[in-house]
Amino acid sequence: MLQIHQGVDIVEVTRFKKVFQKNKDLASDVFTEKERAYCLSRKDPYIHFAGRFAAKEACLKALGMGLSTGIDHTLREIEVLASASGKPVLSVKGWAARTSKRQKINQLTVSISHSANYAVATVILVGNKN
């Protein structure tokens, strides 16, 4: 029997941009090298960073966790890249992968959307019921 886990998150882009600009280490603390390269190659990198941040938060929620868990660099263990078609692709490693394996998750999907002011992401994880 299948079990579905869902998480959603929304980020206010202007607020995220202010935090991002004040904390110069945020990019390397939260995003992988490939994510940073992708976002920085875009016309407005902040909206893409915000979308990926929302996706990472949504993934944590789908896993039944949140940022308050205090796990170092967990957000870098959740990576959101773009396929050749531009569709976002979600992958996990480290703690996030171990948690996914414990929950018998075998499919991860992500959708990201943004406007001038907000970025929203939803993550659906599909696995076998324990």
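The values are calculated or read from the model by the stated rules, or taken from the named source; none is laboratory data. All values reported here derive from a predicted model rather than from experimental measurement. Don't worry about glycine lacking a Cβ; one is built from the backbone with ideal geometry, like all the others, and counts go over all protein chains shown. These accessible areas exclude ligands, DNA and RNA; they are computed on the full protein's heavy atoms, side chains included. Shrake-Rupley method; radii C 1.70, N 1.55, O 1.52, S 1.80 Å.
Observations
- Residues in segment 118-130 that are at pLDDT 95 or above and over 11 Å from the mean Cα position of the chain (by Cα) were compared, and the one that is surrounded by the fewest Cβ atoms within 10 Å (Cβ to Cβ) is Val126.
- Given (1) in contact with a strand residue (DSSP E or B) (Cβ under 6 Å, 6 or more places away or on another chain); (2) aliphatic (A, V, I, L, M); (3) touching a residue at least 40 places away in the same chain (Cβ under 8 Å), number of the condition Leu90 does not satisfy: (3)
Condition check ((1) open to solvent by 60 Å² or more (accessible area, probe 1.4 Å); (2) modelled with pLDDT under 95) across all residues:
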| position | (1), (2) |
| --- | --- |
| Ile47 | no, no |
| Ala54 | no, no |
| Gly66 | no, yes |
| Val89 | yes, no |
| Trp95 | no, yes |
| Thr99 | no, yes |
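- Answer residue from segment 19-39, given it is at pLDDT below 95 and open to solvent by 100 Å² or more (accessible area, probe 1.4 Å) and is farthest from Ser83 (Cα to Cα) among those: Lys22
- Val110 vs. criteria at pLDDT 90 or above, in contact with a Pro (Cβ under 6 Å, 6 or more places away or on another chain) and under 30 Å from Met1 (Cα atoms): yes
- Checking Gln3 against (1) in contact with a Lys or Arg (Cβ under 6 Å, 6 or more places away or on another chain); (2) open to solvent by less than 60 Å² (accessible area, probe 1.4 Å), the condition it does not meet: (2)
- Failed item, numbered, when Glu79 is tested on (1) within 19 Å of Val126 (Cα to Cα); (2) in contact with a Phe, Trp or Tyr (Cβ under 9 Å, 6 or more places away or on another chain); (3) open to solvent by less than 20 Å² (accessible area, probe 1.4 Å): (3)
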